[in-house]
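I have placed the structure first, in the form of structure tokens, so that the comments after it can refer back to it.
The values are calculated or read from the model by the stated rules, or taken from the named source; none is laboratory data. Keep in mind that this is a model prediction, so the values were computed, not measured. Neighbour counts run over all protein chains shown; Cβ positions are idealised from the backbone, glycine included. Remember, those area values only see protein heavy atoms, side chains included, never the ligands or the DNA or RNA. Shrake-Rupley method; radii C 1.70, N 1.55, O 1.52, S 1.80 Å.
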Amino acid sequence: MITLSSLISLLQAAIYFGTVIMFGSIGEILTEKTGNLNLGVPGIMYLGSIASLTGAFFYERAVETPNPIVCVIIAFLCAFLASALGGLIYSFLTITLRANQNVTGLALTIFGSGVGNFFGGSLNKLAGGVGQISVAATSNAFRANIPALASLGTFGNIFFSYGFLVYFAIIVAIVMQVFLSRTRTGLNLRAVGENPATADAAGINVTVYKYLATCIGAGICGLGGLYYVMDYTKGTWANDGTIEGLGWLALALVIFTTWKSVNAIWGAYLFGILYWMNFYMSGLTRSSQEIFKMLPYAITIIVLIITSLRRKKENQPPASLGLAYFREER
């Protein structure tokens with residue numbers, strides 16, 4: 001049985017966990033809407049996490065009294081720019097050089113995890129040893145909540161005891177949905193993902209749209225890595241592979257949401273509940289715990305089967321997803 005206190009803890013864990021994969025899912029949705037299938041989300045999240053940690057570490061080391069606002073700006077920009085650079089690498093290889101998208105994405109995951117763990121180990125050595133790195137000032141700035149709201153009893157404890165990135169992720173999801181469905185630029189972007197040849201013939205610069213969407217989408221994915229190290233692990237670095245697992249869940253969430261960013265809000269929290277539920281239920285065996293961890297992927301497969309059978313246009317992936325565009329063959 002789950003007690004009330006355990007239920008509250010489960011919901012809080014789901015929100016922490018869900019925010020990480022929500023950023024990854026939103027960024028990948030933007031990328032896939034142009035037809036680019038970037039399986040490098042786990043690696044990009046690694047780049048965002050280590051870049052933010054590195055920037056914050058050297059800033060806090062350089063000044064005696066770190067400014068919280070400056071801490072947030074430095075970490076945020078480092079995470080976004082490093083992740084966008086990962087998206088640029090992917091774009092150059094798949095759009096300009098026409099490399100295979102699946103292979104390139106997997107290579108980017110390996111590259112990102114290698115970079116993250118290498119520099120994470122280096123920062124630990126600079127800080128005095130394994131597990132010694134800590135950017136407390138930056139982490140505290142990201143984790144700061146609104147006391148007046150967080151103190152509203154059980155309700156405030158569940159919904160308002162988090163840093164601003166939790167609410168920023170929800171805002172980004174809503175803005176992304178409006179952008180893709182209500183703006184001319186968003187409709188052009190979707191046209192590129194559905195039929196790049198037709199979009200090209202209509203005067204839409206397919207290459208520019210693909211590059212921008214992939215780089216900006218990667219930058220948003222990197223914010224998931226930023227949230228993980230600054231809020232989830234409180235400004236430390238752990239080489240335990242958790243970020244990679246969260247990146248794959250973010251990719252699964254893209255399918256689960258049927259490529260609608262607003263669905264990522266509740267979908268991410270649902271994934272978090274399913275993944276962490278076993279920790280709050282007594283009497284489970286080791287095999288039962290692993291079954292609970294598998295549930296997000298199992299539900300994604302079920303959703304994929306249902307949407308494939310129903311074949312509603314609005315629930316299908318972009319028609320050119322994963323396919324390279326050759327203008328000469330138009």
Q: Quick one: in region 260-275, of everything that is of a type in the set (A, V, I, L, M, F, W, C) and open to solvent by 50 Å² or more (accessible area, probe 1.4 Å), which residue is modelled with the lowest pLDDT?
A: LEU270
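Which of the residues spanning region 309-321 are over 18 Å from ASN263 (Cα atoms) and either part of a helix (DSSP H, G or I) or open to solvent by less than 80 Å² (accessible area, probe 1.4 Å) (or both)? So that I can check it myself, show each step before the final result.
Applying the first criterion (over 18 Å from ASN263 (Cα atoms)) to region 309-321 yields 309-311, 319-321.
Passing the criteria: LEU309, ARG310, ALA319, SER320, LEU321.
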Q) Looking at region 124-153, which of the residues that are within 29 Å of PHE168 (Cα to Cα), at pLDDT below 85 and in a helix (DSSP H, G or I) is least open to solvent (accessible area, probe 1.4 Å)? A) ALA150
Q) Which pairs do you get when a residue that is farther than 15 Å from LYS293 by Cα, found in region 242-258, comes within reach of a residue that is among the aliphatic types (A, V, I, L, M) and surrounded by fewer than 23 Cβ atoms within 10 Å (Cβ to Cβ), reach meaning Cβ atoms under 8 angstrom, with the pair 6+ apart or on two chains? A) LEU251/LEU39; ILE255/VAL303; ILE255/LEU304; PHE256/ILE299; PHE256/VAL303; THR258/VAL303
Q.
For region 68-92, which positions are over 20 Å from the mean Cα position of the chain (by Cα) and over 20 Å from ILE133 (Cβ atoms)?
A. ILE69, PHE92
Q | Criterion: at pLDDT below 85 and open to solvent by less than 10 Å² (accessible area, probe 1.4 Å) - qualifying residue of GLY156, GLY163, GLY224, GLY241 | A | GLY156
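Open to solvent by 40 Å² or more (accessible area, probe 1.4 Å) and not charged (D, E, K, R): which single residue out of ILE74, ILE50, ILE29, ILE8 fits that description?
On the way: ILE50 fails: open to solvent by 40 Å² or more (accessible area, probe 1.4 Å); ILE29 fails: open to solvent by 40 Å² or more (accessible area, probe 1.4 Å); ILE8 fails: open to solvent by 40 Å² or more (accessible area, probe 1.4 Å).
ILE74 is the lone residue from the list that is open to solvent by 40 Å² or more (accessible area, probe 1.4 Å) and not charged (D, E, K, R).
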Q: Please specify each residue of region 59-71 satisfying the condition of being farther than 19 Å from TYR227 by Cα and either surrounded by 14 or more Cβ atoms within 10 Å (Cβ to Cβ) or touching a strand residue (DSSP E or B) at 6+ places or on another chain (Cβ under 8 Å) (or both).
A: PRO66
**Q.** helices (runs of 4 or more DSSP H) fully within region 1-96 counting 1 or more residues that are among the charged types (D, E, K, R), in contact with a Ser or Thr (Cβ under 9 Å, 6 or more places away or on another chain) and in contact (Cβ under 8 Å) with a residue 60 or more places away in the chain
**A.** 41-62
